[in-house]
1. In region 30-122, which trypsin sites (Lys or Arg not before Pro) fall in coil by DSSP and have 10 or fewer other Cβ atoms within 10 Å?
2. In whole percent, what relative contact order does the chain give with Cα contacts below 8 Å and a gap of six or more residues?
3. Please work out whether region 94-144 counts as rounded, prolate or oblate from its C-alpha gyration tensor, where a ≥ b ≥ c are the square roots of the eigenvalues and a/c under 1.5 means rounded, while otherwise a/b larger than b/c means prolate and anything else oblate?
4. Report the local net charge at E70: Lys and Arg +1, Asp and Glu -1, summed over other residues whose C-beta lies under 14 Å from its C-beta.
5. What does the charge add up to near V81, with Lys and Arg as +1, Asp and Glu as -1, over the other residues with Cβ less than 15 Å from its Cβ?
6. Taking Rg/Rh (Cα atoms, Kirkwood Rh) as the quantity of interest, determine which of (1) 1.13; (2) 0.93; (3) 0.96 was computed from the displayed structure.
7. How charged is the neighbourhood of A47? Take every other residue with its Cβ under 12 Å from the Cβ of A47, and add Lys/Arg as +1 and Asp/Glu as -1.
8. Which residue, G131, G48, G24, has the most motion in a Gaussian network model of the chain that connects Cα atoms within less than 10 Å?
Amino acid sequence: MTALWIELTRHHAALDPHFVLRAGADAEARHLLAAQLRDPDTAIFVAGEPGAVFAFAIACVRRAPPIHPETCRAEITDLYVAPARRRGGCGHALVAAATRFASERGAERVEVHVSPRNPEAQAFWRAEGYGAHMDVLHRRLSSR
C-alpha cells in the first residue's frame, strides 16, 4: 500500500514540483497510512489479488459546525490504479466503495481535488459525475 501511495505521489510530482517527496518519505508515509487506518472517519479501500495490491482509494468524512444546512461531507483524498490495471473498472469500483462509505457515515456530498495539470484524472472524475464546485487558488510564499 505504501509503495502505491509513493507511486501516486511521484506521478503528481511529475505534474507539479510541489509534490516532490522529501528524503525518507517512505517511512513517514507508512506512519500516515497507519494513522488513517485507526481513524473511524477514514477508510482505505484496496483492489488486488493474492499477494499484490494494485489499486487503492482513501476516503475521509469531515464534519462541519451546524451553521450551514450541510454538516457532513466526504473527500476521496487519494485514488490510484497501477498503469497496467487501468481501464478495467477498478477505479470505478473503488470510487463506488468510497461513496458508499461516505453515504453510510452521513455525508451529503463527496469532493475530490484534481490538478488541472492532470487531464487523465480530470476526465476520469468527470466521467464519474464530478464537476467543479470551488476554485482553489494559491500563492507560493517561498521558493523552497
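1. Numbers: sites: R30, R38, R62, R63, R73, R85, R86, R87, R100, R105, R109, R117; in loops: R86, R87, R105, R109, R117.
Listed in order of number, the matching sites are R87.
2. 18
3. Values: a/c = 2.55, a/b = 1.72, b/c = 1.48.
Prolate, because a/c is 1.5 or more and a/b exceeds b/c.
4. +2
5. Values: positive: R10, R85, R86, R87; negative: E7, E49, D78, E120, E128.
Cβ neighbours under 15 Å give a net charge of -1.
6. Matching entry in (1) 1.13; (2) 0.93; (3) 0.96: (3).
7. Every neighbour counted, the sum reads +1.
8. G24
Every number here is computed from the coordinates shown, using simple stated rules; none is lab data. None of these values were measured; they are calculated from a predicted model. All Cβ positions, glycine included, derive from the backbone under ideal geometry; neighbour counts span all protein chains shown.
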